[in-house]
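Undergrad: The structure under discussion is supplied below as structure tokens; questions concerning it will follow.
The values are calculated or read from the model by the stated rules, or taken from the named source; none is laboratory data. Here the structure is a predicted model, which is why all the values come from computation and not from measurement. Note that we place each Cβ from the backbone using ideal geometry, even for glycine, and neighbour counts take in every protein chain shown. For the accessible areas, the whole protein counts, side chains as well, though only heavy atoms, and no ligand, DNA or RNA atoms are used. Shrake-Rupley method; radii C 1.70, N 1.55, O 1.52, S 1.80 Å.
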Amino acid sequence: MTIHASRRDVLKRGGALVVSFSFAGASGETFAQGAKPLAITEVDSFLAIDARGVVTVYSGKVDLGTGVATALPQIVADELDVPLNRIKLVQGDTALTPDQGTTWGSLSIQVGGMQLRNAAATARAALLEEAAKRLSAKTEDLRVVDGVVSAGGKRVSYGELIGGKSFALKLDHAKPAAGKDPKDYKVVGKPVPRVDIPDKVTGRFIYMQDFRVPGMLHGRVVRPPAIGATLESVDEASIKNVAGVVKVVRQGNFLGVVAESEWGAIKAAQRLKASWSKSQMLPDAAKLWDEVRATKVVKDEVTSNVGNTAEAVSQAGAKTLNATYDFAIHTHGSIGPSCAVAEFKDGKLTSWSASQATHNLRKQLATMFGIPADNVRCIYIEGSGCYGRNGHEDAAADAALLAKAVGRPVRVQWSRADEHGWDPKGPPTLVDLRAAMDGANVITAWESEFFIPQQTAGSFLVPLVAATLAGMPAADDIAPGNIFQNSAIPYKFANIKTICRRLASTPFRPSWIRTPGRMQNTYANECFVDELAAAANADPVEFRLKHLDPNDKRGIEVLNRAAALAKWDKRPSPRRDQRGEVATGRGVAYCKYELTRTYIAAVAEVEVKRSTGDIRVTKFYLAHDCGQIINPDGLRNQLDGNVIQTLSRTLIEELKYDRSAVTSLDWASYPILRFPQIPELVYDLIDRPNERPWGAGEPAAAVVPSAISNAVFDAIGVRLRSVPYTPDKVTAAMKGAA
């Protein structure tokens, strides 16, 4: 997978540089012969059409198993009027694809897809203008079918018009070209089968974990037994009997082994004797929330401020309600542990990984090794599991350091213990809420404080473990993501103040994990809204509708449709008519993602076993409005992933650790949801073909924890304010309420 740069055709055509393209390999990968444009302001950065009319799409946004490798070609196919089977996708290759930002935040379609739509619409307009000249016809008289333009009995194909040549056209994404009328779409909005599924279900798909290059060696890293431990000595003789060992690599506190085989690397890493200093940098897990509350606040970030909450709370006769919610530390828990391959050759580094931010990884590796970014190429290969910034970038740094040390390509495959122990974590979140209510049960004030780690300004580069251990150049940033989002609420109360207390530190190296901040903040807010509804003796759905902005018609519609979908039983919570061992309940939650886009409303139905505290979610209803739906089947896939993964995080998942290191290093100590625990999932997909598409990769997850907590309250009359909702927490809450 290298750029073919042996030949370059430079021709003059309308002042444009003309670059020829070749297609190589069974997967039809495309490589530029010469310099390929990468700026997001150029059509040629996104599209190329060869003489056969095959369209190559270059996307900086990558498919993490999310289905965008199907959806993005759908967008381009409709704009260009070419069949899907004539579109090839290149994604996440820093030498070939534009930097469209990290694949995160539910922005692959909303941003990446719309940039591609703009490029395709711009290209189509130019192609039709040229075709009109060739066919001696007016543009409005042209007809395009499968990449062939016809008029007056004459025809010309895209391949004949542009094949192998550049468009040399500029793009303005703030003022995109006029696209097709949605009523003329042929594949957008249709459940086109995902292109990756056949190979995945038949074992032919090449995941990053399956990827190999010729002459490759295998590496493993020997991890410190404690975070912050110092490497004191290494006994290389301890692995002299392990066959195939090539080298022991020690640099600072980084210790690794390289061998001819993967098993040889595993055995060498297991047997290599090393001594480390003691370290106890982590807080007492039993006192985590005391530690969070005591951490230095470096900034108070006011995310909303309406009226005067202090005055409203102090009014005579005002009733105040207070609650504190917490959300545990989570690991990413990727099913396939992280993996990467790296090769240094002629002073240049090539890195293959499942990084969802290859352009950022390129910058980090360049800094780490002190080489120009132009000498680093990062290539994306899908990994089996990626829900945010997990360990893939760290595996890439491990592989690069070892490859440089031995002068050959090196593959590093993390173990399960590596993944759970050393990937960056979703940080703990602590939320204090207070509200005031007058004698008529009118909410007069809402106050909230979110204790969350700071975000290094302008940087989302999570420090690489290998660089930190080896003492190599690296920015010491804190990058949990935009976790302030959805701290402000979508409801209209007379007085509101929401503050994020940005903390100087957090126990583990943080990063974003699916729906960062939006999930934790919505969880606290929507549970507390439910507390207010109960205090007002109001139906939870009616209470929300009463306080939503009456001008936000889409928000009102999605909440009403979720209630209708679930056949909502209109009444206050909790139920008063249950006395048996198993109690049932229903709970609602609502979110306008980041208060600017995708609308979601959910209803959870639960069963709670009183004697054990076990919670079973039996049905989960979801109304979802992300504007124009590109692929409804792909959207359902995304919603399935959102709900199921977040059920696991809500009911089960919690990082375990002692004062030195993570102790939940396997699936026994960090269990996840199993198939029998998956509820029936029922969706109402609200398609708005004339609206801009918004994201769907994260928003639905935001409403899951609160919907379940509210359903449990409806069932047994106790509030669950601490994620995960383990049986012992449920039984403790019931005893406390007795």
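Undergrad: Would you mind checking which residues have amide H under 5 Å from Phe167's amide H? H placed 1.01 Å from N; only 5 or more apart, or other chain.
TA: Asp44
Undergrad: Related question: The stretch 581-634 to the stretch 483-539: how many Å between their Cα centroids?
TA: Here the answer is 17 Å between Cα centres.
Undergrad: Ordered by packing density, taken as the mean number of other Cβ atoms within 10 Å over each peptide's residues, highest first, how do 501-508, 345-352, 621-628, 120-127 rank?
TA: Packing proxy ranking, top to bottom: 621-628, 120-127, 501-508, 345-352.
Undergrad: So with the 1.4 Å probe, I'd like the accessible area per residue for the stretch 646-738, rounded to whole Å².
TA: 39 Å²
Undergrad: A further question on this structure: Asp549 to Glu129: extension gain in nm, 0.36 nm per residue of separation minus the Cα-Cα distance?
TA: So the chain would gain 146.5 nm between Asp549 and Glu129.
Undergrad: Summing +1 for each Lys or Arg and -1 for each Asp or Glu, what net charge is found among the other residues whose Cβ lies under 12 Å from the Cβ of Ala274?
TA: That works out to +1.
Undergrad: Show which lysines lie in cross-link reach of Lys567 when reach means a straight Cα distance below 16 angstrom and same-chain residues fewer than eight apart are skipped.
TA: Lys619
Undergrad: With an 8 Å Cα cut-off and a minimum separation of 6 or more residues, compute the relative contact order for the chain in percent.
TA: Computed over the chain, the figure is 13 percent.
Undergrad: Where only protein heavy atoms count, and the probe is 1.4 Å, what is the accessible area per residue for the stretch 164-316 in Å²?
TA: 59 Å²
Undergrad: Taking 0.36 nm per intervening residue step and subtracting the Cα-Cα distance, what contour gain separates Asp438 from Lys567 on full extension?
TA: Result: 43.3 nm gained on full extension.
Undergrad: P(r) tail for the stretch 271-348, what percent of Cα pairs lie past 15 Å?
TA: Looking at the stretch 271-348, the distances longer than 15 Å represent 83 percent of pairs.
Undergrad: Mind listing which chymotrypsin sites (Phe, Trp or Tyr not before Pro) in the stretch 166-211 are in a DSSP loop and have 14 or fewer other Cβ atoms within 10 Å?
TA: Answer by residue number: Phe205.
Undergrad: How big is the shadow of the Cα convex hull of the stretch 514-737, averaged over all directions, in nm²?
TA: Across all orientations, the stretch 514-737 yields a mean hull projection of 13.3 nm².
Undergrad: Counting only protein heavy atoms and a 1.4 Å probe, tell me what percentage of the stretch 514-737's accessible area is made up of carbon and sulfur.
TA: So the carbon and sulfur contribution to the accessible surface is 49 percent.
Undergrad: Roughly how many Å² is the accessible area per residue of the stretch 70-144, as a whole number, for a 1.4 Å probe?
TA: 33 Å²
Undergrad: Which aspartates and glutamates, on any chain, are close to Lys570 with Cα under 13 Å apart, when same-chain ones fewer than 8 places away are left out?
TA: List returned: Asp539, Glu542, Asp714.
Undergrad: In this model, which of Lys425/Lys656; Lys267/Lys425; Lys138/Lys180; Lys319/Lys592 are farther than 22 Å apart at the alpha-carbon?
TA: Table pairs above 22 Å Cα-Cα are Lys267/Lys425; Lys319/Lys592.
Undergrad: Between Arg143 and Glu557, what is the spin-label point distance in nm, taking each point 7 Å from the Cα along the Cα→C-beta axis?
TA: Distance between the two pseudo-spin positions: 3.5 nm.
Undergrad: A further question follows. Rg and Dmax of the stretch 500-585, Cα atoms, in Å?
TA: For the stretch 500-585, the Cα radius of gyration and maximum Cα-Cα distance read 17.3, 48 Å.
Undergrad: Could you give log10 I(q)/I(0) at q = 0.14 Å⁻¹ for the stretch 257-301, computed by the Debye formula over C-alpha point scatterers of equal weight, without solvent?
TA: Result of the Debye calculation: -0.64.
Undergrad: Hey, which aspartates and glutamates would be in cross-link range of Lys287, C-alpha to C-alpha under 14 Å, not counting anything within fewer than 8 residues on its own chain?
TA: Cα-Cα hits under 14 Å: Asp326, Asp658.
Undergrad: Strictly over 26 Å apart at the Cα level, which of Lys61/Lys553; Lys363/Lys404; Lys546/Lys735; Lys183/Lys553; Lys165/Lys190 would you flag in this model?
TA: Among Lys61/Lys553; Lys363/Lys404; Lys546/Lys735; Lys183/Lys553; Lys165/Lys190, the Cα-Cα distance tops 26 Å for Lys61/Lys553; Lys546/Lys735; Lys165/Lys190.
Undergrad: Run the accessible area of the stretch 49-144 with a 1.4 Å probe and give the carbon-and-sulfur part as a rounded percent.
TA: Of the solvent-accessible surface of the stretch 49-144, carbon and sulfur hold 47 percent.
Undergrad: Please give the contour-minus-distance gain from Lys619 to Asp687: 0.36 nm per residue of separation, less the Cα-Cα distance, rounded to one decimal in nm.
TA: 22.2 nm
Undergrad: Quote the Stokes-Einstein diffusion coefficient, in whole µm² s⁻¹, for the stretch 7-200, based on the Kirkwood radius over alpha carbon pairs, a temperature of 20 °C and a viscosity of 1.002 mPa s.
TA: 126 µm²/s
Undergrad: Expressed as a fraction of 2.2 N^0.38 Å, the rule-of-thumb size for a compact globular protein of N residues, what is the C-alpha radius of gyration of the chain?
TA: 1.02
Undergrad: Could you report the accessible area of Leu365 in Å², rounded to 10, computed with a 1.4 Å probe on the protein chains as they sit in the structure?
TA: Roll a 1.4 Å probe over it and Leu365 shows about 0 Å².
Undergrad: Tell me the label-point distance for the pair Ala373, Asp346, using the 7 Å Cα-to-Cβ offset, in nm and rounded to one decimal.
TA: 2.3 nm
Undergrad: Between Phe675 and Glu607, take the C-beta separation as r, use R0 = 22 Å, and let me know the FRET efficiency to the nearest 0.05.
TA: The value I calculate is 0.80.
Undergrad: Report, in debye and to the nearest 20, how large the dipole of the stretch 7-200 comes out about its Cα centre when Lys and Arg carry +1 and Asp and Glu carry -1 on their Cβ.
TA: For this selection, approximately 420 debye.
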